[in-house]
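To keep things clear, I will list the structure first and then write my remarks on it.
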2 protein chains.
Amino acid sequence: LFRHALLESVKAALSAPLSAPVPLYARIQRALRQLMLDGALPAAASLPAARRLAQSLGVSRDTVEAAYAALHAEGFIERRIGSGSFVSAQVKRLKTDKRRAQAATDAPRLSQRGQKLLASGGLQDVLLPRPFAAGVPETRLFPLPLWQRLQRQVLKEYPSRALQHSPPQGVEELRRAIAAYLNAERGAQATPEQILILTSSQQALNLCATLLLDAGERLLLEDPVYAGARKAFAAAALELVPIAVDEGGLQTAKLSAARALYLTPSHQYPSGATLTLERRLAAIDWARREQAWIIEDDYDSEFHYQGKPTPCVQGLDGGRRTVYIGTFSKSLFPGLRIGYLLLPPSLVAPMTAARSLQDGHSAALPQLTLARFIEGGHFAAHVRSMRGVYATRRDHLAQLLQSRLGDFLHASVPAGGLQMPCTLREGLDEQAVISAAKRIGIDLQGLSSLYAEDGRSGFLLGFAAHAPQEMDAAAARLAALLRRV
Amino acid sequence: LFRHALLESVKAALSAPLSAPVPLYARIQRALRQLMLDGALPAAASLPAARRLAQSLGVSRDTVEAAYAALHAEGFIERRIGSGSFVSAQVKRLKTDKRRAQAATDAPRLSQRGQKLLASGGLQDVLLPRPFAAGVPETRLFPLPLWQRLQRQVLKEYPSRALQHSPPQGVEELRRAIAAYLNAERGAQATPEQILILTSSQQALNLCATLLLDAGERLLLEDPVYAGARKAFAAAALELVPIAVDEGGLQTAKLSAARALYLTPSHQYPSGATLTLERRLAAIDWARREQAWIIEDDYDSEFHYQGKPTPCVQGLDGGRRTVYIGTFSKSLFPGLRIGYLLLPPSLVAPMTAARSLQDGHSAALPQLTLARFIEGGHFAAHVRSMRGVYATRRDHLAQLLQSRLGDFLHASVPAGGLQMPCTLREGLDEQAVISAAKRIGIDLQGLSSLYAEDGRSGFLLGFAAHAPQEMDAAAARLAALLRRV
């Protein structure tokens, strides 16, 4: 009854290459199961005795017995003492329409919102930074032994808190430490109750886009603008209205009716411009008049190299119409996955509920460790030390650009942040340079794609994650490349 | 010019209680700034000399000087040598309409989708488990020193990978380890390329709800059903169609036209029923016929106490119409924040893009540590050991319920999972018992709210996170309470 063709199918399945390891008994079990689901072994058909199948396949009898036992446990076969194994009456042939199955594979049936999301493009952050990758800090100078010591302390003192679920709003110790930091260093008006801990500023942007605006509603944003923000807003199906930026930041005279405004006031991304006080006040006036929200993304404000960083808009506004986004990805390390929102009191409950439905809560252990790191003064010390390192690297890159690349690139040296925008000499093709540079180990982030239209060609060069000698070597290679192009 | 009233405002601000610490100079700075923003100190007004203000406030001159310097850096004041400090021309009074501001505080201007989300209610997982909290594992027996050793190894070998950004789809080592586990232990058909690492099964549910269905489209789900799933689907504005469950799991004869079906086939939540093979095949047939998706939530399938756990629907389906959700929150610990999706190949790119826009990626360090934990055989060993512990606790609870609580509760002992459903004797009020129990340190999860309508009263009692003696003590207290009610 167990025909030769069936045996050959099983043998073929056993010799087929696998993309992931599966035990031998399980492969036999699966091959038999597939024959049943395909209808080749219909309900009530009898299976060969384990000993005989083992011989035919050239495997041990125990292996076949294990496969049969598994099929039995799954309900695929019945075993009657004395009369062997039969395909169970529960089994029926699964219908497969090859044409339909093929169509399903080629064009997944995504929702319309899913298609919109896919069209807006995903995000891919820089993994292992090569010069001149932008948006990433230097992690090789992070005080990892100290961090690990604090983590061990936390695990010892609070093993259950660290391993079990933690509150969706974030652990209180960390919310307290962040509020104190924001009040002292960023001129914010923050209480621990207004802080919502998230995994990233990307999550904050996503929550703002969804909870503050409906599909089709107007959001004003900077032009040029941070791509992660634009994509999050586009994915939420908002109407995006770009507002031009100059050396004083976003041109507030051009603000128009809208539900929200996206701002990077400390160091505008990518231009590096700082929003003037006059424009900050104008933006707040606009928001109060329009009953609109200001989404203030303060992504790398810790790193300001000339005087004190400007205090945040949230503080000037008294936090009434401003939603403030902060992150530790730039000031500590991206793998930490801790960002946060400082919210008007009325938004805390809705945002926390939304976050809990989106992904529960953030891990407690990094939160508790970070709280201790801040409270112990280590955060302030690390930021101070990195500010010195980054200032030196910024100056080094500025000097390199002038001395080695001045014929091709014109830099705007920013007062803060982790990257420097440069315009490319007329006649050179931004995309061609990016591709050619990639092949020689240099990562360039193009500027033109960050503009709504007619963006000028150029690059946003990261200097924070690259030591001076690494930038030297890369600049020499890039200069040679640009001379060839 | 600096009138007495203004001085009193500053003094009042300095003596006001603060919810978060702010340095003294910053408090003076803020008080002065507020006077400017309120129009009490208009543009061009002169400020008192630092020495004089210091005397009036009873603080050191340095403190006032620091406040003035900060106001100057912010652009609020101009300082002219010989003639003192003046409010800058950039400053203008911020309009405040008290009525509108108040209205804004009371009723936040949320989007309609935000309101929908808020109405569906947030999720709050159990924090520090007391008996009989459900849905949480025993973390006190987790091999933390071993885990910490593996984590130190990872940090030593890959410091940059662990601290920098990591791929949105998840680190390859972990995707490989999970695919191998699913193939060997869950009868899945998985390759590492089909795995998407997330922070939780909640995130997986959220992504499925948004990417597979549009607002208003029909999703079939089990009745009763896991609240976290129902809320995620409701928040995505889907039309939810409950399908009754019996001892064979979801009644597939009642399946109707829809875009997707939510299933917990291993141990139906909360009934504990295992979906029969016949119904598994019927569900797959339905999905292929309807070109619908099966969302298979295999949340605690590692813990099955009678024979081998049933293999997953994804394996029977060949992964064609099935999206499989897994999590390490139950098998290891919730604070790990690692769940995953096993996807049909055509859904990998869209889901990864959506995830990257939602919150970037998961932390690399726990992923790399977990990959090593699985590859070293420690995951299998831990699950095996906990399966024994949980089986004992399940039996202990079943026996306790019979001997101590049999007059009030009738238990259905499940073949697997971390909790046991019990119906409450007629005439007792579920909600009243839950509230009274909470006051004596006992957490009860009500059953009736998990039903679409006319849910029977009862509780879902967790047994996994509670030692036998802890359950003994709680059962005695609960019995006394029930006799009183």
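The values are calculated or read from the model by the stated rules, or taken from the named source; none is laboratory data. In this text, all values refer to a predicted model and were calculated from it rather than measured experimentally. Positions of Cβ are backbone-derived with ideal geometry, glycine not excepted, and every protein chain shown enters the neighbour counts.
Below is a table of values for the structure above.
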| read-out | value |
| --- | --- |
| Only one of B:E222, B:E193 that is in a strand (DSSP E or B), touching a residue at least 12 places away in the same chain (Cβ under 8 Å) and either touching a helix residue (DSSP H, G or I) at 6+ places or on another chain (Cβ under 8 Å) or more than 11 Å from chain A (Cβ to nearest Cβ) (or both) | B:E222 |
| When residues of region B:148-177 are limited to those that are part of a helix (DSSP H, G or I) and within 23 Å of the chain's Cα centre (by Cα), the one farthest from B:H378 (Cα to Cα) | B:R175 |
| Any chance A:G307 is more than 21 Å from the chain's Cα centre (by Cα), modelled with pLDDT under 95 and within 20 Å of A:Y262 (Cα to Cα) | no |
| Total residues in region A:11-34, condition closer than 17 Å to A:A69 by Cα and at pLDDT 80 or above | 12 |
| Residue within region A:460-483 that is of a type in the set (D, E, K, R) and modelled with pLDDT under 95 present | yes |
| Hits in region B:196-219 - residues which are part of a loop (DSSP other than H, G, I, E, B) and crowded, with 24+ Cβ neighbours inside 10 Å | B:T199, B:S200, B:L213 |
| Residues (surrounded by fewer than 21 Cβ atoms within 10 Å (Cβ to Cβ) and either in contact with a Phe, Trp or Tyr (Cβ under 6 Å, 6 or more places away or on another chain) or aliphatic (A, V, I, L, M) (or both)) located in region B:224-256 | B:A227, B:A234, B:A237, B:L240, B:V241, B:A244, B:A253 |
| The lone exception for B:A287 - which of (1) touching a strand residue (DSSP E or B) at 6+ places or on another chain (Cβ under 8 Å); (2) within 12 Å of chain A (Cβ to nearest Cβ); (3) under 26 Å from B:L368 (Cα atoms) it fails | (3) |
| Every pair of residues 6+ apart whose Cβ atoms lie under 6 Å, when the first sits in region B:65-92 and is charged (D, E, K, R) while the second is crowded, with 16+ Cβ neighbours inside 10 Å | B:E65/B:A50; B:E74/A:P311; B:E78/B:F86; B:E78/B:S88; B:R79/B:H72; B:R79/B:S85; B:K92/A:L281 |
| Residue match in region B:413-424 (condition: farther than 19 Å from B:Y390 by Cα, among the hydrophobic types (A, V, I, L, M, F, W, C) and in contact (Cβ under 8 Å) with a residue 40 or more places away in the chain) | no |
| So A:S412, is it surrounded by fewer than 20 Cβ atoms within 10 Å (Cβ to Cβ) and either of a type in the set (G, A, S) or within 28 Å of A:W147 (Cβ to Cβ) (or both) | yes |
| From B:L174, B:L144, residue being among the hydrophobic types (A, V, I, L, M, F, W, C) and at the interface with chain A (Cβ under 10 Å from one of its Cβ atoms) | B:L144 |
| Residues satisfying the stated conditions in region A:27-64, i.e. closer than 24 Å to B:D285 by Cα and part of a loop (DSSP other than H, G, I, E, B) | A:G39, A:A40, A:L41, A:P42, A:A43, A:A44, A:A45 |
| Single residue of region A:257-275 satisfying the filter (touching a helix residue (DSSP H, G or I) at 6+ places or on another chain (Cβ under 9 Å) and hydroxyl-bearing (S, T, Y)) that is surrounded by the most Cβ atoms within 10 Å (Cβ to Cβ) | A:T264 |
| Test: residue in region B:386-407 that is of a type in the set (S, T, N, Q), surrounded by fewer than 24 Cβ atoms within 10 Å (Cβ to Cβ) and touching a Lys or Arg at 6+ places or on another chain (Cβ under 9 Å) | no |
| Top-ranked residue of region A:180-195 - restricted to ones that are among the hydrophobic types (A, V, I, L, M, F, W, C) and surrounded by fewer than 24 Cβ atoms within 10 Å (Cβ to Cβ), ranked as nearest to B:Q34 (Cα to Cα) | A:A184 |
| Qualifying residue in region A:365-375 (condition: buried (at least 22 other Cβ atoms within 10 Å of the Cβ), part of a loop (DSSP other than H, G, I, E, B) and in contact with a Leu (Cβ under 8 Å, 6 or more places away or on another chain)) | no |
| Hey, A:R384 assigned to a helix (DSSP H, G or I) and of a type in the set (D, E, K, R) or not | yes |
| Any hit, region A:463-483, residues being in contact (Cβ under 8 Å) with a residue 40 or more places away in the chain, buried (at least 22 other Cβ atoms within 10 Å of the Cβ), of a type in the set (G, A, S) and in contact with a strand residue (DSSP E or B) (Cβ under 7 Å, 6 or more places away or on another chain) | no |
| Options B:T274, B:T210, B:T252; residue that is over 16 Å from B:P344 (Cβ atoms), β-branched (V, I, T) and within 21 Å of the chain's Cα centre (by Cα) | B:T210 |
| Unmet criterion (only one of (1) within 11 Å of another protein chain (Cβ to nearest Cβ); (2) in contact with a Leu (Cβ under 7 Å, 6 or more places away or on another chain)) for B:E278 | (2) |
| Count of region B:331-370 residues which are more than 9 Å from chain A (Cβ to nearest Cβ), within 29 Å of B:R320 (Cα to Cα) and hydroxyl-bearing (S, T, Y) | 2 |
| Looking only at region B:138-188, and only at residues there that are among the charged types (D, E, K, R) and under 23 Å from B:V313 (Cα atoms), the one that is modelled with the lowest pLDDT | B:E185 |
| Complete set of residues in region A:127-159 that are among the hydroxyl-bearing types (S, T, Y) and closer than 17 Å to A:A371 by Cβ | A:Y158 |
| Top-ranked residue in region A:301-321 [being closer than 21 Å to A:A209 by Cβ and in contact with a Gly (Cβ under 9 Å, 6 or more places away or on another chain); ranked as nearest to the other protein chains (Cβ to nearest Cβ)] | A:C312 |
| Single condition A:F233 does not satisfy, out of (1) in contact with a strand residue (DSSP E or B) (Cβ under 9 Å, 6 or more places away or on another chain); (2) touching a residue at least 40 places away in the same chain (Cβ under 8 Å); (3) in a helix (DSSP H, G or I) | (2) |
| Residue match in region A:118-125 (condition: outside any loop (DSSP other than H, G, I, E, B) and either within 19 Å of the chain's Cα centre (by Cα) or within 23 Å of A:A232 (Cβ to Cβ) (or both)) | yes |
| Cβ pairs under 6 Å, 6+ apart, first in region B:375-398 and touching a residue at least 24 places away in the same chain (Cβ under 8 Å), second buried (at least 18 other Cβ atoms within 10 Å of the Cβ) and among the hydroxyl-bearing types (S, T, Y) | B:V383/B:S331 |
| Matching residues in region B:61-90 - criterion: being farther than 21 Å from B:D38 by Cα and within 12 Å of chain A (Cβ to nearest Cβ) | B:A66 |
